[in-house]
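Beneath this line is the structure, given in structure tokens, with notes to follow.
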Amino acid sequence: MSIQPLRVGVIGAGTVGREVVRAFLERSPRLMPSDGAPLVLTAVAEKFTERAIANGIPEALLTDAPAHLVASTDVDVIVETMGGAEPAHTLVAAALQHGKSVVTANKHIVAHYGPELERLAREAGVPFRFEAAVGGGIPLLGPIAQDLAANRIARVRGIVNGTTNYMLTAMTREGRDYAEVLAEAQAKGYAEADPTADVEGLDALNKLVILARLAFGAWIDPAAVSNRPGTTTGAPGLPGITGVTAEDVAALAAEGRVLRLIATTRLAEDGAIEASVVPTAVPAESPFGRCDGVLNRVEVDGLPVGRVAFEGPGAGGPAAAAAVLSDLVSIARGLGSTWAGSPAAAERSAIEVRPVAGECVAAPSGACYPVGD
Ligand SMILES: NC(=O)c1ccc[n+]([C@@H]2O[C@H](COP(=O)([O-])OP(=O)(O)OC[C@H]3O[C@@H](n4cnc5c(N)ncnc54)[C@H](OP(=O)(O)O)[C@@H]3O)[C@@H](O)[C@H]2O)c1
């Protein structure tokens, strides 16, 4: 008996989507799992179809109307790689309501609309997968949800934003200041023209919300996550890495420490969830201190397993597309959603979220950076 193929529609063929489409056009045997349904690409939605044709996507596959694709009876699985808040959120919600499986790389919509999207997926009984949204090509969410399921996870922390890690690494190695390093990162394509989401820690904060969902079974509100270090006056510091100065970096280096933007979430004794995304002073010779450039590293502390670490390419079209394609194969194998068999997440309103508590080290700018190990 032959298994019906799963028909895939891709929305947004940019850096990530283009690599997903390429794997289909090259007829990758990985998309024909021997233990599941074959995956076939039936449509690609792009804003400017001429550009997509010039990029090698066959005209017959192309449409400029993603809403039609989401409602089409010829598509079983939607891959959302357009990014941004809207219309991505509305399209993904509509796809789930139409009973389609969804794979997205979009951390913004998963973090901000996670409770709604999870509810819609559960109501429709369709898989919703988002491995590419955190850690790019690093298999991270699946292992937390499945392979570590028998553990009590106490803390997840990590370097989850390549742009800021590249910038902090350059500031440390070359003693240059923030503005100069940011301009260089923009010139090299590591930072966007509007770098706010990266440098203020908002991108990392979205990823932390997703990690907390899988580790603790709760969708925390992104607005409740702290992205400002403390200061010696007690007032909140500047967001993300925007307040880090060359003098701060040099003073910490003299003590054998380096700054890394570390996203941390921890389950407190009283059931509250602690969550922060702040520049953290870690020993230069620690695993986080040695995690340089655009690499990502995430550590999970669980009982009884102890500490488990994941490190690798946290961004880039091919790496993120690898995660999207793996999600598609998981759907073809009938493996369900990224949260695997875990129960529905706790209501946002039922969870207290507060900044991660701990000691900090004062720096010349007046910031007091948390101390990490
Ligand atoms: N790049 C990475 O390394 C990476 C890694 C992990 C996750 N992600 C996530 O993956 C998603 C996509 O990122 P990306 O880097 O691939 O972005 P991108 O290069 O900007 O690609 C997005 C594509 O979607 C198209 N698009 C936007 N709005 C559309 C609409 N209404 N209808 C049809 N097409 C539309 C864009 O066209 P225009 O260019 O004409 O607007 C563009 O071709 C984001 O959520 C991002 O956070 C990216």
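A few comments on the model shown:
- The set of residues in segment 95-130 that are among the polar types (S, T, N, Q) and either surrounded by 20 or more Cβ atoms within 10 Å (Cβ to Cβ) or within 13 Å of the chain's Cα centre (by Cα) (or both) comprises Ser101, Thr104, Asn106.
- Residue, farthest from Val356 (Cα to Cα), within segment 161-170, restricted to residues that are in contact with an Asp or Glu (Cβ under 8 Å, 6 or more places away or on another chain) and crowded, with 22+ Cβ neighbours inside 10 Å: Thr163
- Within segment 360-373, the set of residues being of a type outside the set (Ser, Thr, Tyr) and at pLDDT 95 or above comprises Cys360, Val361, Ala362, Ala363, Pro364, Gly366, Ala367, Cys368, Pro370, Val371.
- When Ile351 is tested against (1) among the β-branched types (Val, Ile, Thr); (2) at pLDDT below 95; (3) within 16 Å of the ligand (Cβ to nearest atom), exactly one condition is not met: (3).
- Within the option set Ser276, Ser365, Ser349, being closer than 25 Å to Arg152 by Cα and in contact (Cβ under 8 Å) with a residue 12 or more places away in the chain holds for one residue only, Ser276.
- Residue among Gly271, Gly293, Gly358 that is within 16 Å of the ligand (Cβ to nearest atom), assigned by TED's automatic domain parsing to the domain that holds Asn161 and either part of a loop (DSSP other than H, G, I, E, B) or touching a Ser or Thr at 6+ places or on another chain (Cβ under 6 Å) (or both): Gly293
- Among residues of segment 186-239, those that are in a loop (DSSP other than H, G, I, E, B), hydroxyl-bearing (Ser, Thr, Tyr) and in contact with a strand residue (DSSP E or B) (Cβ under 6 Å, 6 or more places away or on another chain), counted: 1
- In the condition set (1) more than 20 Å from the chain's Cα centre (by Cα); (2) crowded, with 16+ Cβ neighbours inside 10 Å, Glu285 is compliant with all but (2).
- Residues of segment 11-37 satisfying the condition of being more than 17 Å from Ala319 (Cα to Cα) and among the hydrophobic types (A, V, I, L, M, F, W, C): Ile11, Leu25, Met32, Ala37
- Tally, over segment 130-145, of residues that are within 12 Å of Leu214 (Cβ to Cβ) and within 16 Å of the ligand (Cβ to nearest atom): 8
- Some residue of segment 120-128 being part of a loop (DSSP other than H, G, I, E, B) and touching a residue at least 40 places away in the same chain (Cβ under 8 Å): yes
- Considering residues of segment 311-341 that are over 20 Å from the mean Cα position of the chain (by Cα) and in a loop (DSSP other than H, G, I, E, B) only, the residue nearest to the ligand (Cβ to nearest atom): Leu335
- Hey, Glu118 closer than 20 Å to Ala23 by Cα, more than 9 Å from the ligand (Cβ to nearest atom), at pLDDT 95 or above and of a type in the set (Asp, Glu) or not: no
- Selection within segment 292-309: residues that are surrounded by 18 or more Cβ atoms within 10 Å (Cβ to Cβ), modelled with pLDDT of 95 or more and hydrophobic (A, V, I, L, M, F, W, C). The member of this set that is nearest to Ile153 (Cα to Cα) is Val300.
The values are calculated or read from the model by the stated rules, or taken from the named source; none is laboratory data. Just so we're clear, the structure is a prediction, and the values are computed from it rather than from any experiment. Every residue, glycine as well, gets a Cβ built from its backbone with ideal geometry; the counts of neighbours run over all protein chains shown.
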